[in-house]
Structures are given as structure tokens and as C-alpha cells.
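Written out below as C-alpha cells is the structure these notes cover.
Readers should treat all values here as calculations from the given coordinates under stated rules, not as data from a laboratory. None of these values were measured; they are calculated from a predicted model. Here Cβ is always computed from backbone atoms with ideal geometry, including for glycine, and neighbour counts include all displayed protein chains.
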Amino acid sequence: MEDAAQESRALLYAAAPGVPAELLAQLREDRRAGSWVPAFERDWAKALEDSRHSYGLTPLHDLVRTWQVRLATAPAVDADLDSGRDETGFVDLDDVLGARR
């Protein structure tokens, strides 16, 4: 079954030239690869389709920048989560400002 998924991904990349190989390699090396790689693949397919409809590369560029920032900030997020700070005494912003529309 895993081979079929890999073949499916290979077909996606073959049909979508320009997938940033270095970014994809970084995603695969991350500890969150199990959820991040499929999410990136979904996002890439949607951005590619959006680019086809708009005749522009902006959706693809935005997607790459978003995932680069996600990878760059992941260590800081991990450090914050691992710090053990207790934030149970804080008030939810929605409770203060009301539900957003």
C-alpha cells in the first residue's frame, strides 16, 4: 500500500514540474513528515490548479514561502511547547472580544 502511495506522489510530481525538491526533502526529514508531507502535497496540487486558472505563479510562490516559514519556525514552536510554561490562567481572546465574524 505504501508503494502505491509513493507511485501516486511520483505521478503528482511528474505532472507538476517545478515542485521544490529541496523544500520537499526538508519536509520529509522533519519529525512531522507524516502529516506535513501529505498536507504539502494537497496544498501544492491546489496551488498548481490555481496557477493554471490565473495564468500566474503567485499561488505557487505563496505556497513555497508559507512552507519555508513553517519549517523555519518549527524549532521555536517546539521549544516553546517544551518549555513547560503553564498558560492555563490566560483568558481566551474570543472571550474578551467576542466571536469573530
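Place the peptides 81-88, 38-45 in order of packing, highest mean first, counting for every residue the other Cβ atoms within 10 Å and averaging per peptide.
38-45, 81-88
Return an integer: the convex hull volume of the alpha-carbon atoms of region 31-72, in Å³ per residue.
Dividing the Cα hull volume of region 31-72 by its residues yields 41 Å³.
Which order do the peptides 64-70, 28-34 take when ranked by the mean count of other beta-carbon atoms within 10 Å per residue, highest first?
Going from most to least packed, we get 64-70, 28-34.
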